[in-house]
Ligand code: ADP
Ligand code: MG
C-alpha cells in the first residue's frame, strides 16, 4: 500500500483552526463577520472569562435552514461563494467556509437558528463531534455559542493568556467591527456586565462617540479626498491630542478592518512635524476603492490587503490628512481650553482667572532682553503672555538674570552658574566649563518633572492643586475600568479622581507640578499608557511609572514654547539637581555636548 493518504477531515479542520482560531478574539471576529453577513439590524456579543469560557454572538439576520445546518459546520461549506469569480467580492466578509468547522473542532459549539419562514432548530458540535440537529423554538436569526475554547487541546490552551488579556484582545475585535458598521446596533457584555450599548446610527462620528465618548469624538477633524474612482474619508485627531500608542488607529476598507504599512505611513507623514517623536495620532479612516483594485485574501485572518496601486492610495491618504490639518494651527504657543469644556457653566470665569494668572507670570520685556548679546525673536507681546502650555518654571520676581561675564563658576549651592539662552524656541544652548551644551527643552523638562514627581511621590508629599471646578471626563467602559482600577496610584501621584455615575469620572485635584495641563488631558494620557501595558503586566511599579510618565509628558514645556530667561536658567540649573537628566524618561538624550577641545580641533587651533 502506498504511503500517501488524504488527511482525515478532523485533522484538516484542526490545521485550519490553527490558521483561523488563535484565541477568543479570533473567534469573536469570525462569528461577528458571519453575523454581519446575515443582514442583521442588531448583533449582541456576550463573553465570559475573556471569551475563554463562553462567546455568544446573537444576530437577527436571515438564519440558517435546518437542512443546511450540518453543512454550516463542515469545512469548505459556504453559502457565500458560488464560483471562483466571487473570490473578488469583498462585500461578504467571510468566504473561506471553514471558520465554523474550525471553531467546532476546538470547542463545544451550540447553534440556535431560525429563518423568517422556518421553525427553529439547534445543532451541537463538541470537539468536532456532530451531535445532530434538533428542532427548537427560537427567535428569527442566529445565536452561536462557543464554550470552553481549547479545553480539550492542552497544547493550545497553554498559549492562552489570562482572561484579562484575552478580554482586551476580544473587545478590541468587537470595537473594530462596531466601528466598521455604524448602521447596525451592537452590544457587548462581559461577565454579565454591559460594556457597550451602541444604537444604530448614520453618522460615523456618533458611533465613535458612543464607543469612546463625546470628548474624543467632538474634537476629531474631518478629512476627505477623492481621486476619480477611489476616495478616503477619515476622522483624525488634532496634533495636541496625540497618544502614546497606536491604539486609536483604525483603518477600514469595504466594511472590514485592515492593516497596511503604507497607509499608516501616509498618515504619519501627514502629521510630520506636528507630533513629538514617538507620539501617535488618532485616526479613523475608510478607504473606498473598487473591488478590482484590492485583494483581501492574502492573509488567512483577512486583516491584510494588497492594493493594485499602493502609490496612488498613499498619495491620497497623505493629501487628505495634510489638508485636514492644514486648516488648524498647532497650538504650541497658546492652547485654549477645549471648546467642549467651555460649555460648562462657570468655566468662563475660571478661564479669565487663569488668563490673569498667566499674565502675572508672563514676565516683562526688560527681563526678557536682559541677555543683550542674544538676538531674541521679535515676539508679538500678546503672544508671549500666554507662553508655555506647561507650568511656569520660575517665579519671575526672583529672577536673578545672569550678569557675569566670566567663564561659568560655581554658585554657593554647588550648582554651576552657566550662561544659557533659547534658540528656535526649542533648544537651550549653554556655555559650560567644558564647552557648549545644546539641550532639547522638552526632553529635559520632561525628565525634570518626572524626577520631581517621583521624589515627591516616594516621600508621600505630592502637592495637590484642588480644581476650582472639578472636571468631568466621560470615558468608555474599558477606559473607565483602566482608571478606576488604579485610583490608589493616581491619588498617590496627586491625581484625585472619583467615579461619577455611569462611566464618567470626575477629577477633583491634580499635582501642582503639572501647572495648567487640563485634568482631562492627564486622564486621557494615563489611560492610553495604562492600556499599552500588557493587561497582566500591571505590577505596581510599572503602573506608577506609566502614571509619572503621563504626567511629565503632558505637563512639560513643548518645542515651540518661548521661555523667559528666568525659566531657561531654572531649567538649565535643574539638570544638576536631579538624577538621570542626561536622558528623557523614554531614554532619548536630552542634550548634546560640544567640547572646547573638539571645537579647537575643528578650527585647527591645536
Ligand atoms: P463562511 O463564513 O466562510 O461561509 P463559516 O464557516 O464562517 O464560513 O460559515 C459557514 C456558513 O454558515 C456560512 O456560509 C453561512 O451560510 C452559515 N452561517 C454561519 N453563521 C451564520 C449566521 N450568523 N447567520 C446565517 N448564516 C450563518
Ligand atoms: Mg465566516
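Observations
- Mean separation of Cα contacts under 8 Å (6+ apart) over length of segment 211-329, as relative contact order %: 33 percent
- For segment 448-606: relative contact order, % (alpha-carbon pairs under 8 angstrom, 6 or more apart): 23 percent
- When only Cα pairs below 8 angstrom with a gap of at least 6 residues are kept, segment 174-221 shows a relative contact order of 29 percent.
- Relative exposure of 131, 508, judged by other C-beta atoms within 10 Å (fewest first): 131, 508
- Counting neighbouring beta carbons within 10 Å and listing from fewest to most, the residues 510, 176 come out as 176, 510.
No value in this document is a laboratory result; all are computed from the given coordinates. What you see is a predicted model, and the numbers here were worked out from it, not measured in a lab. Cβ: placed from backbone, ideal geometry, glycine included. Neighbour counts: every protein chain shown.
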